[in-house]
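Trainee: Take this structure first; my questions come after.
The values are calculated or read from the model by the stated rules, or taken from the named source; none is laboratory data. Quantities reported herein were computed from a predicted structural model and do not represent experimental measurements. Please note: Cβ atoms are built from the backbone with ideal geometry, for glycine as well, and neighbour counts cover all protein chains shown.
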């Protein structure tokens with residue numbers, strides 16, 4: 001049995017069909033049908049690469065590409081990436097939404113933020129939709145939510 005087939009069978013045993021089948025997953029007979037699989041990366045703009053890189057590295061994000069003087073800096077986030085791009089507008093970003101990043105321990109990440117001098121906008125809390133989370137804004141004003149499903 002190939003490794004890929006073994007992984008697929010293991011995934012089927014651990015996940016019920018009702019949890020994974022979405023209307024877009026249904027066969028349509030159309031060879032051009034597309035299934036949305038995942039987000040590969042989120043790219044945020046920042047007027048201060050140095051401050052933003054410092055923020056993410058202080059929280060334990062692994063920088064895999066770029067730096068303060070580069071046109072793009074990338075951090076590994078699970079299988080995906082968080083990218084930073086410099087802007088030349090000199091101002092802070094406007095609110096546009098939030099990036100939600102799952103972590104293994106929400107309370108430990110909250111403590112890491114405080115230990116590094118960052119000020120989260122909320123304390124960790126259990127949400128009615130089944131996640132424990134807190135919010136913090138990065139130096140460019142992007143709201144980041146660190147979360148974990150509640151078992």
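Trainee: Could you check, for the stretch 107-118, whether at least one of its residues is assigned to a strand (DSSP E or B), at negative phi and touching a strand residue (DSSP E or B) at 6+ places or on another chain (Cβ under 9 Å)?
Mentor: no
Trainee: State whether one or more residues within the stretch 116-126 are over 19 Å from the mean Cα position of the chain (by Cα) and modelled with pLDDT under 90.
Mentor: The answer is no, given that none of the residues of the stretch 116-126 is over 19 Å from the mean Cα position of the chain (by Cα) and modelled with pLDDT under 90.
Trainee: Taking the stretch 119-151 as the region of interest, how many residues are part of a strand (DSSP E or B) and free of Cβ contacts under 8 Å to residues at least 40 places away in the same chain?
Mentor: 9
Trainee: Right, next: Return the residues of the stretch 49-66 that are touching a strand residue (DSSP E or B) at 6+ places or on another chain (Cβ under 8 Å) and in a loop (DSSP other than H, G, I, E, B); say none if nothing qualifies.
Mentor: Passing the criteria: 61, 66.
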